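Note sheet for the following structure.
The values are calculated or read from the model by the stated rules, or taken from the named source; none is laboratory data. Just so you know, these numbers come straight off a predicted model, no measurement behind them. Cβ placement follows ideal geometry from the backbone for every residue including glycine, while neighbour counts extend to all protein chains displayed.
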Amino acid sequence: MDPYYITTAISYPNGRPHIGHAYEAIAADAIARFQRQAGRDVRFQTGTDEHGLKMVQAARDKGVPVADLAAEMSGYFRAMDDALNISYDRFIRTTEPEHHKASQAIWQAMAANDDLYLSRYEGWYSVRDEAFYEEKELVDGDGGKLSPQGTPVEWTAEESWFFRLSKYQQPLLDHIAANPDFIRPESRRNEVTKFIEGGLMDLSVSRTSFDWGVKVPGSDGHVMYVWVDALTNYLTGAGYPDNADEQAKWWPADLHLIGKDIVRFHAVYWPAFLLSAKLALPKTVFGHGFLLHRGEKMSKSIGNVVDPIALAETFGVDALRYFLLREVSFGQDGSYSAEAIVTRANADLANGLGNLAQRCLSIIAKNCGGVLPADTVDTPAPELGDILGNVTSLMADLKLNEALEAIWEGVRIANGYFAEMAPWALRKTDPARADGVLYHTAEVVRQLAILVRWVVPASADKLLDLLAQTPDARDFAALAMPLQAGITLPAPQGVFPRLDLPAEPA
Ligand code: ME8
């Protein structure tokens with residue numbers, strides 16, 4: 001099977017991570033784990049985007065050296081990833097020397113293609129977005145002009161290197177038309193197409209008014225525009241420029257998973273840089289939606305910015321992961337609240353899958369001496385259908401929430417089977433048949449645990465431990481290898497606790 005390279009956006013470490021960052025990391029992690037369970041060799045990269053004016057200003061406001069701010073905050077992002085069980089293969093920091101080298105290499109490749117020229121930039125810049133905007137894109141705000149994202153803009157005038165973005169207008173449109181999977185979901189593809197059709201101007205790609213960035217090769221006083229180096233992180237992680245074997249294996253990336261606010265950078269600027277440097281384009285750029293708190297944008301002034309590590313401590317990592325991926329229609333905006341997390345986790349995890357496992361395994365412990373009974377009388381098994389097949393095709397379209405729905409249809413069928421067959425009562429009238437029901441239910445719990453493992457990895461592993469499954473029997477290939485009757489199972493334990501609403505709702 002082909003290797004699979006997936007990346008998240010790299011976050012600005014100008015403050016601590018919030019739930020939006022956690023959401024992106026969790027979604028990317030679930031996709032990475034899904035591909036690993038499907039047997040692919042996966043590289044999953046995430047990290048922090050440490051250069052640019054936004055970082056300089058944040059450090060100035062806090063009165064600390066910018067390198068110190070970056071190091072401290074980057075540590076919080078990594079700690080968040082570790083707390084949420086994010087299985088990244090590499091956490092990249094753009095201040096690493098190796099990344100500077102890759103950024104200078106792509107710069108030189110673009111220069112070699114005659115796509116860079118020195119001129120003067122005069123126009124609007126949003127530090128919050130680290131983006132240049134054309135006059136026609138701005139909107140009127142209370143205190144003056146704002147970017148289309150609603151952030152303040154400032155007039156900027158300085159000597160700058162320019163990238164010939166205009167030259168790539170038609171090649172980009174051609175690529176998008178020929179590769180329907182390049183920008184997803186479709187609404188984002190339409191937005192990008194419209195933006196490109198509106199005409200592309202050459203892009204200012206270096207700054208001279210500060211020096212916190214990657215130095216432009218051979219041009220004293222210039223540092224690269226932060227997005228040039230930020231986007232290049234994906235190549236650094238694939239061994240660019242020196243490691244040809246790594247590049248052949250991992251590039252082009254299969255998926256850049258990013259938020260909807262930064263699709264333009266990934267679907268216009270990035271492919272243009274790559275075309276210029278004569279490198280292959282990523283297969284898919286997916287712009288996910290935004291996570292809102294009770295339907296409202298998170299902001300420090302509303303006071304609804306929640307620390308994702310605290311949220312995971314309150315509800316459990318797997319409950320949070322499951323909630324976010326099940327509740328949000330992937331690609332669209334979604335909303336969270338303590339009530340919604342508790343309701344969803346209790347219904348699907350505690351009462352759904354958890355209860356089924358607990359009831360079945362405790363009867364086996366109590367009545368069968370903890371030994372998995374055999375089905376000697378051909379008891380009917382629950383009919384789940386081809387869940388893996390359905391989930392695989394839904395995941396090919398990154399329909400994560402629908403994939404979970406399909407798996408929980410299996411949980412519903414298995415619970416219905418268990419209730420209808422009532423093995424606790426059958427034990428008295430027809431013990432052989434009761435054994436068959438227990439066997440089939442344990443087998444279905446095993447299958448469901450494997451099927452949900454990419455979303456709730458720690459809990460699924462606990463379930464598989466309770467079924468005495470070895471670590472090498474937890475991928476999708478193991479679905480075809482049913483449980484062996486006669487194995488001894490460890491003492492059952494609850495895997496998905498029932499949650500209560502915390503006194504102070506998140
Ligand atoms: O944009 N809900 O960094 P960032 C969901 N450094 N996702 C959200 C979100 C929310 N409320 N808020 C932000 C940057 N995000 C650049 C990226 S990539 C080469 C450079 C997402 O820290 C956002 O869309 O502002 C982005 O994908 C990621 O979090 C990091 O945002």
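Being of a type in the set (Lys, Arg), surrounded by fewer than 18 Cβ atoms within 10 Å (Cβ to Cβ) and not in a helix (DSSP H, G or I): is that true of Lys145 here?
yes
Of the numbered conditions (1) of a type in the set (A, V, I, L, M, F, W, C); (2) surrounded by 15 or more Cβ atoms within 10 Å (Cβ to Cβ); (3) more than 24 Å from Pro490 (Cβ to Cβ), Val377 satisfies every one except a single condition; which is it?
Against the list (1) of a type in the set (A, V, I, L, M, F, W, C); (2) surrounded by 15 or more Cβ atoms within 10 Å (Cβ to Cβ); (3) more than 24 Å from Pro490 (Cβ to Cβ), Val377 comes up short only on (2).
Regarding Tyr269, is this residue within 30 Å of Ala244 (Cα to Cα), out of contact with any Ser or Thr (no Cβ under 7 Å at 6 or more places or on another chain) and within 11 Å of the ligand (Cβ to nearest atom)?
yes
Look through Phe195, Phe273 and report the one residue that is more than 23 Å from Ala105 (Cβ to Cβ) and touching a residue at least 60 places away in the same chain (Cβ under 8 Å).
Only one candidate qualifies: Phe195.
Determine if segment 308-322 includes at least one residue that is of a type outside the set (Ser, Thr, Tyr), within 16 Å of the ligand (Cβ to nearest atom) and in contact with a strand residue (DSSP E or B) (Cβ under 6 Å, 6 or more places away or on another chain).
no
Taking only segment 409-426 into account, find how many residues are surrounded by fewer than 19 Cβ atoms within 10 Å (Cβ to Cβ) and not charged (D, E, K, R).
Adding up the residues that qualify gives 7.
Considering only segment 281-289, I want to know if a residue exists there that is within 12 Å of the ligand (Cβ to nearest atom), part of a strand (DSSP E or B) and at pLDDT below 95.
Taking every residue of segment 281-289 in turn, none turns out to be within 12 Å of the ligand (Cβ to nearest atom), part of a strand (DSSP E or B) and at pLDDT below 95.
Return the pairs, sorted by first residue and then second, in which the second residue is at pLDDT 95 or above and among the β-branched types (Val, Ile, Thr), the first residue lies in segment 482-506 and is within 21 Å of Pro373 (Cα to Cα), the beta carbons are less than 6 Å apart, and the residues are 6+ apart or on different chains.
What qualifies is Thr488/Val371.
Touching a helix residue (DSSP H, G or I) at 6+ places or on another chain (Cβ under 9 Å) and either outside any helix (DSSP H, G or I) or away from the ligand (no atom under 11 Å from the Cβ) (or both), is that true of Gly303?
no
Between a residue in segment 1-21 that is of a type in the set (Lys, Arg) and any residue that is within 9 Å of the ligand (Cβ to nearest atom), which pairs come within a Cβ distance under 8 Å, given they are 6 or more apart or on different chains?
From segment 1-21, no pairs qualify.
Can you name the residue in segment 226-255 that is near the ligand (Cβ under 8 Å from one of its atoms) and within 19 Å of the chain's Cα centre (by Cα) and, of all such residues, is surrounded by the most Cβ atoms within 10 Å (Cβ to Cβ)?
Ala230
Only residues that are buried (at least 21 other Cβ atoms within 10 Å of the Cβ), assigned to a helix (DSSP H, G or I) and not hydrophobic (A, V, I, L, M, F, W, C): list them for segment 90-122, please.
Scanning segment 90-122 gives His99, Ser103.
Please list, ordered by first then second residue, the pairs with beta carbon atoms under 7 Å, 6 or more apart or interchain, first in segment 221-249 and in a helix (DSSP H, G or I), second modelled with pLDDT under 95.
Close Cβ pairs satisfying both conditions: Val226/Glu130; Trp227/Glu130.
Specify which of the listed residues (Asp211, Asp202) is under 30 Å from Glu158 (Cα atoms), without any contact (Cβ under 8 Å) to a residue 40 or more places away in the chain and more than 16 Å from the ligand (Cβ to nearest atom).
Just a single option satisfies the conditions, and that option is Asp211.
Just for segment 1-21: of the residues that are more than 9 Å from the ligand (Cβ to nearest atom) and within 20 Å of Met395 (Cα to Cα), which one is surrounded by the most Cβ atoms within 10 Å (Cβ to Cβ)?
Among those residues, the one meeting the criterion is Tyr5.
Quick one: Val64 ticks every box in (1) within 16 Å of the ligand (Cβ to nearest atom); (2) more than 21 Å from Gly316 (Cβ to Cβ) except a single one, so which number is it?
Unmet for Val64, out of (1) within 16 Å of the ligand (Cβ to nearest atom); (2) more than 21 Å from Gly316 (Cβ to Cβ): (1).
Filter segment 378-395 down to the residues that are part of a loop (DSSP other than H, G, I, E, B) and touching a Gly at 6+ places or on another chain (Cβ under 6 Å) and list them by number.
Matches in segment 378-395: Thr379, Leu384.
Being aliphatic (A, V, I, L, M), closer than 24 Å to Leu398 by Cα and surrounded by fewer than 21 Cβ atoms within 10 Å (Cβ to Cβ) is true for just one of Ala319, Ala345, Ala340, Ala310. Which residue is that?
Ala340
Quick one: which residue in Gly63, Gly75, Gly52, Gly39 is over 16 Å from the mean Cα position of the chain (by Cα), at positive phi and without any contact (Cβ under 8 Å) to a residue 60 or more places away in the chain?
Sole residue among the options that is over 16 Å from the mean Cα position of the chain (by Cα), at positive phi and without any contact (Cβ under 8 Å) to a residue 60 or more places away in the chain: Gly63.
Can you tell me which residues in segment 28-59 are of a type outside the set (Phe, Trp, Tyr), part of a helix (DSSP H, G or I) and within 18 Å of Ile450 (Cα to Cα)?
Listed by number, the residues that qualify are Asp29, Ala30, Ile31, Ala32, Arg33, Gln35, Arg36, Gln37.
Just need a number here: residues in segment 324-351 that are assigned to a helix (DSSP H, G or I) and under 26 Å from Ala503 (Cβ atoms).
Count: 17.
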